[in-house]
Amino acid sequence: MRNLGKLGVFSIIFLMVCLNSFAQDHMYSQFFNSPIYLNPALTGQFPGDLRMNLIYRNQFTSVPGSFNYMTAAIDYNIPKFGGGIGLIFTRGSEGTAYFTKNNIAGTYSYSVGSEDFILSFGLQAGVSNDNIDWSKLVFDDQISSQLGYMPGTVSSAVQPAYNNKFFFDTGAGLNLVVSEFNLGGAVQHINQPNESFTNTPAKLPMRFTGHASYRLDLNPYDNNDENQKSFIIPSIIYYKELTSESLNVGFQYKRTNVNAGLWYRTGGQYGPAAVVLSLIFDLYINPDGGEKLRLGVSHDVPTSGLNYGNTAGTTEVSVGYETTIPSRSDTYHKFEGARHCYDFY
């Protein structure tokens, strides 16, 4: 009975968290392995012709009603305007009521620049769907102080008229690369769509993202190819959505086909602060043809709020693939000699 009571308490806690997080987007620890989700201006910003990315996040693994997120994206590099077009699909499942959020969107980017800088502009537009299973929720009138949660009881709580919602959603971004600096910013939900399940409006607040990276060459005076050099790449990523905000600070060590990172992320209003460890491997299947497979894994260890023993932390895995199209006749990048954003991840 004690365990059933705990289950009921967990259900109520996660209901409150879920309702409070309706307006909050999830963030990935491996932000560099889901570049279009980070900023639509990064669409088509890679050395090959075609890129595919898949990332999955399992948050608070051992807690009932854990949060799970997935993003899949494909984008195509169009060199004649220094950008590209893309398609991104994101799905999230949150809490014991299986609150799911699905979004599919098209992205577009265009760049201007020279041998000294590249400034990229990005747009995003798509459709989102929210869905919740009210029957999976446990309310206080289904919990007895003596018996705990009572299976089979029906709550007198009034459920909203709808459990499904579709809405149009938009976003935009900028990214600037100058010398060894990469600076970018994006805003999502520009049109602030109404995602309410009732007749009471509930606008989805705009999400602001800012990111900055610096690439430090550890061997600046040797003549090795860049693929053989070692770099330290410190980065700062800032997220804000309504009253929720978070700052991610850390660095990557990058050499040949290995990329290792250490990060600290502040908790914000709805999540604990965490130390993040990441490890990325690039497998060059056909280096001359620009064919590359990227495998990544990261783990978040909470340092405040929910402890590691109760949550088992958060794990992310990612897969990326890039290739070129031999028959393609487009003239390649018009910004030759300039540093590109993909050099930072």
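The values are calculated or read from the model by the stated rules, or taken from the named source; none is laboratory data. Nothing here was measured: the structure is a model prediction, and the numbers come from that model. Every residue, glycine among them, receives a Cβ derived from its backbone with ideal geometry; neighbour counts consider all protein chains shown.
Could you tell me whether region 111-126 includes any residue that is out of contact with any Phe, Trp or Tyr (no Cβ under 9 Å at 6 or more places or on another chain), at pLDDT 95 or above and either more than 22 Å from residue 164 (Cβ to Cβ) or polar (S, T, N, Q) (or both)?
Among the residues of region 111-126, at least one is out of contact with any Phe, Trp or Tyr (no Cβ under 9 Å at 6 or more places or on another chain), at pLDDT 95 or above and either more than 22 Å from residue 164 (Cβ to Cβ) or polar (S, T, N, Q) (or both), which makes the answer yes.
Table: residues versus (1) of a type in the set (Gly, Ala, Ser); (2) modelled with pLDDT under 70; (3) under 27 Å from residue 299 (Cβ atoms).
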{"position": "16", "(1), (2), (3)": "no, yes, yes"}
{"position": "41", "(1), (2), (3)": "yes, no, no"}
{"position": "44", "(1), (2), (3)": "yes, no, no"}
{"position": "60", "(1), (2), (3)": "no, no, yes"}
{"position": "63", "(1), (2), (3)": "no, yes, yes"}
{"position": "80", "(1), (2), (3)": "no, no, no"}
{"position": "96", "(1), (2), (3)": "no, yes, yes"}
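Within region 224-280, which strands (runs of 3 or more DSSP E) (wholly inside it) include 2 or more residues that are aliphatic (A, V, I, L, M) and touching a residue at least 24 places away in the same chain (Cβ under 8 Å)?
So the answer is 230-241.
Say we look at region 227-254 and pick out the residues that are at pLDDT below 90 and surrounded by fewer than 15 Cβ atoms within 10 Å (Cβ to Cβ); which of these is nearest to residue 60 (Cα to Cα)?
245
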